[in-house]
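Take a look at the structure below.
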């Protein structure tokens, strides 16, 4: 497929982005990363994820200035109606990804059937899902590429689902200086993915999906210093939660 000629509006060549990020290791901080002009939010969901996604987007402003990527576990033979279902809850434009598509803010991007998705140079990249070949889990795959491509402007959100997909991906986003949110397992239809994410110890905020929008708007519109303060204000580790539950 021919590469689109439109220039992604999210890239500014600069190295100062990594120099400001104290959360990265010296090796990571020294890598050259482009500065992004807006935040990119990847949402990983599996079983029970539709309800969580609807609650999330119902509260998200249409003009938040963020780009959203919905990464789900879907059967290759399942015809998804995710665009129609989400459109009942939000007026944010919803698009199915096309290989080479330039990412823009205030849009929701969905993966087409039988495809895996990554992001590179602010463009979406699609590859065929091979059912008989071992491949990286779809959430981890996209989250890791977002961490590499978006740096501290990457945001990972783990919602309802079984298993542990997404946990390795949020670690990559955290190491790149990004922000991590996780659905409160008490509100999730399936707690496997939220609990697996929490066990990494790097989740910044744990909330029900309907409360995440306000948190993200506040975070993305703050300065790097204000963002770090918000992390410290909201951060609740698995150990802290276990201690509270024992009281």
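The values are calculated or read from the model by the stated rules, or taken from the named source; none is laboratory data. All values derive from a computational prediction rather than experimental measurement. Cβ atoms come from the backbone with ideal geometry, glycine included; neighbour counts cover every protein chain shown.
Quick notes
- Any hit, segment 174-182, residues being surrounded by 19 or more Cβ atoms within 10 Å (Cβ to Cβ), at negative phi and assigned to a helix (DSSP H, G or I): yes
- Being within 12 Å of the chain's Cα centre (by Cα) and either in a helix (DSSP H, G or I) or surrounded by 24 or more Cβ atoms within 10 Å (Cβ to Cβ) (or both) is a property that residue 169 has.
- Just one of (1) outside any loop (DSSP other than H, G, I, E, B); (2) touching a strand residue (DSSP E or B) at 6+ places or on another chain (Cβ under 8 Å); (3) free of Cβ contacts under 8 Å to residues at least 40 places away in the same chain fails for residue 186. It is (2).
- Residue 194 vs. criteria free of Cβ contacts under 8 Å to residues at least 60 places away in the same chain and outside any helix (DSSP H, G or I): no
- The residues on offer are 32, 95, and the sole one that is surrounded by fewer than 21 Cβ atoms within 10 Å (Cβ to Cβ) and modelled with pLDDT of 95 or more is 95.
- Output for segment 38-55, where each listed residue is in contact with a strand residue (DSSP E or B) (Cβ under 9 Å, 6 or more places away or on another chain), under 26 Å from residue 136 (Cα atoms), touching a residue at least 60 places away in the same chain (Cβ under 8 Å) and not in a strand (DSSP E or B): 39, 46, 49, 52, 53
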